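First up is the structure itself, then whatever we jot down about it.
Laboratory data are not the source of any read-out in this text; all were calculated from the coordinates shown. On a predicted model such as this, the values are computed, not experimentally measured, just so you know. All Cβ positions, glycine included, derive from the backbone under ideal geometry; neighbour counts span all protein chains shown.
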Amino acid sequence: MSLLVSVSASAFSISPISLSFSPSGGNTIQSFRLTNASTDTVAIKVSVLSRQMAIDGTETLEPADDLFVVYPSRVMLGANAIQVVKVQWKGPPDISIEQNFRLVAEQLPVDFSGQKAGNIRILLRYMGALYITPPNAAPNVVLDSVEQVGQDISITLHNKGNAHILMSNLTLEVKTSEWSKTYSSEELKGFNGENMLAGLKRTFVVSLPPDIKGSDYKVAFQFDPIR
């Protein structure tokens, strides 16, 4: 006995992957585009989740159905088809600090092929970023603390501003009275390009060379801001 198993992955996508909304006025409604680049029909569910981030970057996501209207929230997308999805903020109009959410577009396990043979379907799931940004909001990333942990140093940054920022092309200078080193963005994997959400702290660990001298660390950093 033989079993014929086909593997299919419907290549849908969503764009843009990140958008900022205004808490009031015309920009409380934004549009996203679902595109099905495959020859298969797919069923897609679109939803919004609230986004909380711990100091180590771990995210906690919860349903935010009471704060948004998504239309349509469920889509049957035919081969090579495009569907516009509108998302509307229905939360408070007078926030003072940027609010963070995830837009989730996930393929539902619906098989439109009619095949009864064994068929493994690879279901896709996209997570975008939504920000509800008050007027004139801006980030302000500062050094909060530096601590040596074995042969590493733990660096905590604090975004004291009221808007998020992505730290692109990050460089980091670490020095003592007897030693200094500038880390390039390529050496700062897991640090470079990270998102500093409004009002939150993030801790990053950087390895020290074995021949370092001194212990009173001074740290300076710079990056290209991306919103």
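Among D152, D211, sorting on how many other beta-carbon atoms sit within 10 Å of each Cβ, with the fewest leading, yields D211, D152.
The residue among V46, L208, I226 whose Cα reaches farthest toward the positive pole of the charge dipole of the chain, with charges on the beta-carbon of Lys, Arg, Asp and Glu, is V46. An oblate overall shape is assigned to the chain, the ratio a/c of its alpha-carbon gyration tensor axes (a ≥ b ≥ c) being 1.5 or greater and a/b not exceeding b/c. Exposure proxy for V206, V69, V42: other Cβ atoms within 10 Å of each Cβ, ordered fewest to most, give V69, V206, V42. Comparing mean-square fluctuations of N100, N80, N140 from a GNM of the chain with C-alpha springs under 10 Å, the top value falls on N80. When each of K181, K189 is scored by the number of other beta-carbon atoms lying within 10 Å, the sequence from fewest to most is K189, K181. What is the distance in Å between the Cα centres of the range 22-77 and the range 133-151? When both Cα centres are located, 28 Å separates them. Between M127 and V84, the simple label model (points 7 Å from Cα in the Cβ direction) yields a spacing of 2.9 nm.
If both residues of a DSSP beta bridge must be in the chain, then about 90% of such bridges are antiparallel.
Lysine pairs, Cα distance under 12 Å, 8 or more residues apart or cross-chain: how many in the chain?
5
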